[in-house]
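Following: one structure in structure tokens, then a few remarks.
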Amino acid sequence: LFPYTTLFRSNNIILNAKAGDKYEAITLTGNILKQNGYVTEEYIQRMKLREEIVSTYLGNGLAIPHGTDGSDCEIVKSGISLVQFPDGIDFGDGNTAYITIGIAGKEGEHLDLLNKIALICIDEDNVKALRNAKTIEQVLQVLNI
């Protein structure tokens, strides 16, 4: 079960998104966090910087963009966003992400959030269900919310 139901709201999810590249996808994922009051504009830049340092692609068609070390000051409160890219986004090295989950964890909560999401998304069927979801309710169902 995903215990952060207060963080994962339907307005934190976008289905059928399109992006030209992984940085555009990260910006879209981060903008959800910014628009819903979780992070500052600078946090989105730190998400892109993190991607330059090390890929946030995890496998199974999933990427989890998040800020760099030291970006806590750009987080207003913990939040999560999810964006579905049916056509996929090239994350380099032959990796295609169909789902990006943006994470902003206040006071180190991001590691806990990462672990919980990874446990759900380690199951390829769950990621496939997120990729093929037609409604936000279906996404929330996969995440057991």
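The values are calculated or read from the model by the stated rules, or taken from the named source; none is laboratory data. As the structure is a prediction and not an experimental result, all values here were calculated from the model. Positions of Cβ are generated from backbone atoms using ideal geometry, with glycine treated the same way; all protein chains shown enter the neighbour counts. Side chains are part of the model used for accessible areas, which takes the heavy atoms of the whole protein and leaves out ligands, DNA and RNA. Shrake-Rupley method; radii C 1.70, N 1.55, O 1.52, S 1.80 Å.
For residues that are of a type outside the set (Val, Ile, Thr) and in a helix (DSSP H, G or I), scanning just segment 35-45, find the one that is least open to solvent (accessible area, probe 1.4 Å). My answer is 43. Has segment 20-35 got any residue that is free of Cβ contacts under 8 Å to residues at least 12 places away in the same chain, over 11 Å from residue 102 (Cα atoms) and of a type in the set (Gly, Ala, Ser)? Among the residues of segment 20-35, at least one is free of Cβ contacts under 8 Å to residues at least 12 places away in the same chain, over 11 Å from residue 102 (Cα atoms) and of a type in the set (Gly, Ala, Ser), which makes the answer yes. In segment 106-122, the residues that are touching a residue at least 60 places away in the same chain (Cβ under 8 Å) form Cβ pairs under 8 Å with partners that are open to solvent by 40 Å² or more (accessible area, probe 1.4 Å) and part of a helix (DSSP H, G or I), at six or more places apart or across chains, as follows: 120/126. For beta carbons closer than 9 Å, sequence separation of 6+ or different chains, a first residue in segment 46-62 that is part of a loop (DSSP other than H, G, I, E, B) and a second that is of a type in the set (A, V, I, L, M, F, W, C) and open to solvent by 50 Å² or more (accessible area, probe 1.4 Å), the qualifying pairs are 60/122. Residues in segment 86-106 that are surrounded by fewer than 20 Cβ atoms within 10 Å (Cβ to Cβ) and among the small types (Gly, Ala, Ser): 88, 92, 94.
Conditions tested, residue by residue: (1) open to solvent by less than 50 Å² (accessible area, probe 1.4 Å); (2) more than 12 Å from the chain's Cα centre (by Cα).
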position	(1), (2)
26	yes, no
33	yes, no
56	yes, no
65	yes, no
84	yes, no
108	yes, yes
115	no, yes
118	yes, no
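On the stretch given as segment 94-122, residues that are over 16 Å from residue 33 (Cβ atoms) and basic (Lys, Arg) total 1.
Among the conditions (1) in contact (Cβ under 8 Å) with a residue 60 or more places away in the chain; (2) exposed (fewer than 15 other Cβ atoms within 10 Å of the Cβ), the only one that residue 78 does not satisfy is (2). In segment 130-145, of all residues being at pLDDT 90 or above and not hydrophobic (A, V, I, L, M, F, W, C), the one that is surrounded by the most Cβ atoms within 10 Å (Cβ to Cβ) corresponds to 131.
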